[in-house]
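Structure first, commentary second.
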């Protein structure tokens, strides 16, 4: 079963005060999916246009779908308070994805976050619809619609007793938890037993949809550039809030633990230093490091091996990477910024190749043009999943132009302009010359005269 994101829209994050929509596939969808030609997208735009906001919103969506405690976390609440647009004061996300099964289904999930009377962000709206690609009559059906924590509409088709039990158990919880995160806690076990007892039992549209929402969330993987990863700031701010309470049992370590729960991408991500690895999973970590070494050797042929320096800590190992060359060894922390970036990206790139849906902010930072273009060519040809990334580097444009829906321009006023082939014109040349609609680079070197040289000069 393959899941493929076909449309994504967001409104109300950072500078994005109106709806911004991205299309990842052609409008006409048949049962014969041509995903390979639509598996990659680069988003270009000037500073402040909202590129990072889009990626951050995907990270929020992922956490909402897989973490039932997400909105109950004080760090999350602080994060939302900082990045939700101050003008419209809400965050709305809509994702439409294909489930390539029998038959091919298209799900559309919508969710909106707003502040409640206690100034905490909660779910004010949540909806899931489904349509079949070949349906001609009533093609779109609503599976559920929830407003302000109350179920307004829900599809029933056979499991009424189990459904009623789930609705009873989720009373007063739907404003802080997407219904798909409550589903495993409430009736999933019971539903599994029904399957065991009666093999003829069919999973209804509601429970199928809830399962697939969770799967979709688990397939999303988001890499945020360090400048947009505000974990230290948020931990500190949350810690200050706890310190003002009468109950001062919360510690900084607690805050870090809270963050780890929401910031865990469930990939075998290798950090540059200080990897905490469960003893049970150490063999998997070893294999991942071996694959990482092969990957890095493409960029650094003189790299001979990567050794693991591990120290025991209860049921865990604290592991550091030692880069081995002919005449010396060096801790990975002291490698070049480009190599450290590749170490961090390795798990995400591998996930895309194996079928995941990956969003990367500032893919080009600290990576050489040659490396970047070669990586993108490989991913376009062999990637079984999807990659969407933001970048300032125009070098990859002439690689991306050979794929459909692969280049988007986000204007200063937050509008999307899609690249379409125009004769033999190069998108990179048009972009640099300010000839792409919405991206007028009206800057000249003479603009700096009298600014950078306005101070006292040397005699």
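The values are calculated or read from the model by the stated rules, or taken from the named source; none is laboratory data. None of the values given here were measured: they were computed from a predicted structure. Positions of Cβ are backbone-derived with ideal geometry, glycine not excepted, and every protein chain shown enters the neighbour counts.
Per-residue answers, yes or no, for (1) in contact with a helix residue (DSSP H, G or I) (Cβ under 6 Å, 6 or more places away or on another chain); (2) within 14 Å of residue 44 (Cβ to Cβ); (3) at pLDDT 85 or above; (4) assigned to a loop (DSSP other than H, G, I, E, B):
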| residue | (1), (2), (3), (4) |
| --- | --- |
| 399 | yes, yes, yes, no |
| 402 | no, no, no, yes |
| 409 | no, yes, yes, no |
| 423 | no, no, no, yes |
| 437 | no, yes, no, yes |
| 441 | no, yes, no, yes |
| 452 | no, no, no, yes |
| 455 | no, no, no, yes |
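Considered as a group, the residues in the stretch 248-283 that are within 25 Å of the chain's Cα centre (by Cα), closer than 23 Å to residue 333 by Cβ and assigned to a helix (DSSP H, G or I) include one that is modelled with the highest pLDDT, and that residue is 281. Could you list, in sequence order, the residues of the stretch 284-305 that are more than 27 Å from the chain's Cα centre (by Cα), surrounded by 14 or more Cβ atoms within 10 Å (Cβ to Cβ) and in contact (Cβ under 8 Å) with a residue 24 or more places away in the chain? 300 - this is the single residue of the stretch 284-305 that is more than 27 Å from the chain's Cα centre (by Cα), surrounded by 14 or more Cβ atoms within 10 Å (Cβ to Cβ) and in contact (Cβ under 8 Å) with a residue 24 or more places away in the chain.
Do you know which of the residues in the stretch 316-343 that are crowded, with 17+ Cβ neighbours inside 10 Å and touching a residue at least 60 places away in the same chain (Cβ under 8 Å) is nearest to residue 3 (Cα to Cα)? Only one residue tops the list, namely 343.
One residue is enough: does the stretch 374-391 have a residue meeting the conditions at positive phi and at pLDDT below 95?
no
Restricting the stretch 105-140 to residues that are part of a strand (DSSP E or B) and more than 22 Å from residue 64 (Cα to Cα) leaves a set whose member that is modelled with the lowest pLDDT is 132.
Elements of the type helices (runs of 4 or more DSSP H) sitting completely within the stretch 141-242 and holding at least 2 residues that are closer than 30 Å to residue 269 by Cα and at pLDDT 90 or above: these cover 179-183, 205-219.
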